[in-house]
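Asks: After the structure tokens below, expect a handful of questions from me.
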Amino acid sequence: MKVYLLLFLSVVALFLVGCVQTGGQVQREYVCPNGAIVTNASQCPPVQQVVEQTDPEMKTCEDMPESDRTPFSDYCYMGLAYKRENATLCKKLSESKRLECYSGLAMLKSDVTICDAAGTQKAYCYSTYAAEKGDVTACDKITEISSKDSCYSQYASRYMDSTVCEKIRTIGQKDSCYMSIASSQCDSSLCNKIANNNTKDNCLINLQYCGGMPHQKPVE
């Protein structure tokens, strides 16, 4: 009998935990999120929402007026990307201006890996970087053969580097690369590197009056 009595008293004690006695009536206590103890959840003070801080510069770009041509927000986001040196902001530009953002930022930071984010336009980004920064290794990152050859050709012509012509895989474009530099440098040895015989002959003929007077560098 004593065992049953002790068990009954234990159950009653557990029931009374979290309750208070008010005017002879038992009321359950409720703990609010802020720690206040009330008798009903509706009595809790309202929870104050944390207001997210707005980036004023980003907000300025978002509020830019629309345009029939290039959105004004494009120029705003591009300027902000350059200012913060943050390539992720280029994603906010329209597709027509996105490449310019990635290319410009890559050259600003001297970091060709930024071109990796340019998606289907990254080959052009690599080529622009190679030409503007004088870094032919940027061309090596291009996977499509035609675009890679164009990158090498553009670099070789700009920096008069005939050794880069050898990297070109398309024969016709490689011949044009050698012929262009041969004409600029009055160097017939480069004509002899041309695979197509007709192109080679034309190259040598052009060099006979290189610089406005008969001239030909001896074949090495």
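Asks: I'd like the full set of residues that are surrounded by fewer than 10 Cβ atoms within 10 Å (Cβ to Cβ), modelled with pLDDT under 75 and either closer than 25 Å to Tyr82 by Cα or of a type in the set (S, T, N, Q) (or both), limited to the stretch 31-51.
Replies: Gln48, Gln49
Asks: Yes or no: the stretch 143-156 includes at least one residue that is under 27 Å from Gly104 (Cα atoms), β-branched (Val, Ile, Thr) and buried (at least 22 other Cβ atoms within 10 Å of the Cβ).
Replies: Within the stretch 143-156 (the criterion being under 27 Å from Gly104 (Cα atoms), β-branched (Val, Ile, Thr) and buried (at least 22 other Cβ atoms within 10 Å of the Cβ)), the answer is no, since none of the residues qualifies.
Asks: Being surrounded by fewer than 16 Cβ atoms within 10 Å (Cβ to Cβ), free of Cβ contacts under 8 Å to residues at least 60 places away in the same chain and not small (Gly, Ala, Ser) narrows it down to one residue among Thr88, Thr128; which is it?
Replies: Thr88
Asks: Of Ala130, Ala156, which residue is modelled with pLDDT of 95 or more and assigned by TED's automatic domain parsing to the domain that holds Leu108?
Replies: The match here is Ala130.
Asks: Moving to a separate point now. Would you please name the residue that is farthest from the chain's Cα centre (by Cα), looking only at residues in the stretch 92-114 that are part of a helix (DSSP H, G or I) and without any contact (Cβ under 8 Å) to a residue 12 or more places away in the chain? Full working, then the answer.
Replies: In the first step, residues of the stretch 92-114 are kept if they are part of a helix (DSSP H, G or I); the result is 92, 95-109, 112-114.
Among the residues that remain, those that are also without any contact (Cβ under 8 Å) to a residue 12 or more places away in the chain are: 95, 113.
Numbers: Glu95: 13, Thr113: 8 Å.
Only one residue tops the list, namely Glu95.
Asks: Condition check: closer than 23 Å to Leu190 by Cβ and surrounded by fewer than 19 Cβ atoms within 10 Å (Cβ to Cβ). Does Gln173 satisfy that? Walk me through how you get there before you give the answer.
Replies: Numbers: closer than 23 Å to Leu190 by Cβ: yes; surrounded by fewer than 19 Cβ atoms within 10 Å (Cβ to Cβ): yes.
The answer is yes for Gln173.
The values are calculated or read from the model by the stated rules, or taken from the named source; none is laboratory data. Bear in mind the structure is a predicted one, so any value in this text is a computation, not a measurement. We place every Cβ from the backbone using ideal geometry, glycine too, and count neighbours over all the protein chains shown.
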